[in-house]
1. Any idea which residue in segment 9-25 is nearest to Asp171 (Cα to Cα), counting only those that are open to solvent by 10 Å² or more (accessible area, probe 1.4 Å) and of a type in the set (A, V, I, L, M)?
2. Would you kindly identify the strands (runs of 3 or more DSSP E) lying entirely within segment 62-144 that contain at least 2 residues that are polar (S, T, N, Q), surrounded by fewer than 20 Cβ atoms within 10 Å (Cβ to Cβ) and out of contact with any helix residue (DSSP H, G or I) (no Cβ under 7 Å at 6 or more places or on another chain)?
3. Among the numbered conditions (1) within 17 Å of the chain's Cα centre (by Cα); (2) among the aliphatic types (A, V, I, L, M); (3) more than 13 Å from Tyr185 (Cα to Cα), tell me where Ile133 comes up short.
4. Give me a count of the residues in segment 48-61 that are among the acidic types (Asp, Glu) and in a loop (DSSP other than H, G, I, E, B).
5. Among the numbered conditions (1) surrounded by 17 or more Cβ atoms within 10 Å (Cβ to Cβ); (2) under 13 Å from the mean Cα position of the chain (by Cα); (3) closer than 30 Å to Val139 by Cβ, tell me where Asp37 comes up short.
6. Filter segment 176-190 for residues that are part of a strand (DSSP E or B) and not polar (S, T, N, Q); which is least open to solvent (accessible area, probe 1.4 Å)?
7. In segment 145-172, what residues are hydroxyl-bearing (Ser, Thr, Tyr) and either exposed (fewer than 14 other Cβ atoms within 10 Å of the Cβ) or under 30 Å from Ser115 (Cα atoms) (or both)?
Amino acid sequence: WYGLPTSRVIGKDFRLPFSAGKTAVLGTADDTSVSVDTDNDGLADQTLTLGYGETAVLSDLPAGSHLSSSRNVGAVAMVYGSGYYDNTYAVTLLPSSLWSASYYVPLEHPFNYQSPTDLSRVMIVAQHDGTSINVGGQVFSRNRGQVLSVNVTGAAHIQSSAPVYAVYVSDVLATDPAAGVQRHYAYAHNLPSESMKVNETTVRFLPLDGN
């Protein structure tokens, strides 16, 4: 699941924390130019123009790809397996203006899959060269556009020397009782940060019949 882009999470500068099969970019104003730098050399590998309410879908962008625009846009990155069933998730990308140097990894959602292997991880992309990243006591260094992937199966605190973007991917490889084969039970979400904290929120659970 993912949240639809709102006025709070639109911006002009984004990076992908993982390789995405599809990335949807939504224009919020006419004549919005969008540039895509897939290899972090500072040069545009793709360019496009969006109008108000217009969406472009980009295919097969590698992790760390840089999206920049002349006006505010929203962006959603999607990973999907064969048949859109296995290893499928999406995340509403946060613009770099909302990145933080401090994130919190919550406790993992409990699961009861058959023969599970927990591959859950955090994906962290740096905006500046020489960024030091501490994940639960493990220290790493990444340059601009480089992505750090660290397996995390419990609560942890992420701290960095400069703002980074961090996404949590819950990924459990387990046996599908219906098909009798192993599949990735996966979902992803943006990690809580100081820049995104709120004083109040509402949680609503829908009944199984969807009403």
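1. So, considering only residues that are open to solvent by 10 Å² or more (accessible area, probe 1.4 Å) and of a type in the set (A, V, I, L, M), the one nearest to Asp171 (Cα to Cα) is Ala24.
2. On the way: elements: 66-79, 89-92, 100-105, 114-118, 121-126, 131-135, 138-142.
Per the criteria, 66-79, 114-118, 131-135, 138-142.
3. Checking Ile133 against (1) within 17 Å of the chain's Cα centre (by Cα); (2) among the aliphatic types (A, V, I, L, M); (3) more than 13 Å from Tyr185 (Cα to Cα), the one that fails is (1).
4. Applying the first criterion (among the acidic types (Asp, Glu)) to segment 48-61 yields 54, 60.
With the extra rule that they be in a loop (DSSP other than H, G, I, E, B), the set shrinks to 54.
Of the residues in segment 48-61, 1 are among the acidic types (Asp, Glu) and in a loop (DSSP other than H, G, I, E, B).
5. Asp37 satisfies every listed condition except (2).
6. First pass over segment 176-190, keeping only residues part of a strand (DSSP E or B): 182-190.
Add one more test, that the residue is not polar (S, T, N, Q), and what stays is 183-189.
Values: Arg183: 36, His184: 45, Tyr185: 39, Ala186: 23, Tyr187: 48, Ala188: 2, His189: 49 Å².
Here the residue is Ala188.
7. The first filter runs over segment 145-172 and keeps only residues hydroxyl-bearing (Ser, Thr, Tyr), leaving 149, 153, 160-161, 165, 168, 170.
Scanning segment 145-172 gives Ser149, Thr153, Tyr168, Ser170.
The values are calculated or read from the model by the stated rules, or taken from the named source; none is laboratory data. Keep in mind it's a predicted model, so treat the numbers as computed, not measured. Methodologically, a virtual Cβ is constructed for each residue, glycine included, from the backbone with ideal geometry; neighbour enumeration extends over all protein chains shown. Accessible surface is based on the protein model in full, side chains and every heavy atom, while ligands, DNA and RNA are left aside. Shrake-Rupley method; radii C 1.70, N 1.55, O 1.52, S 1.80 Å.
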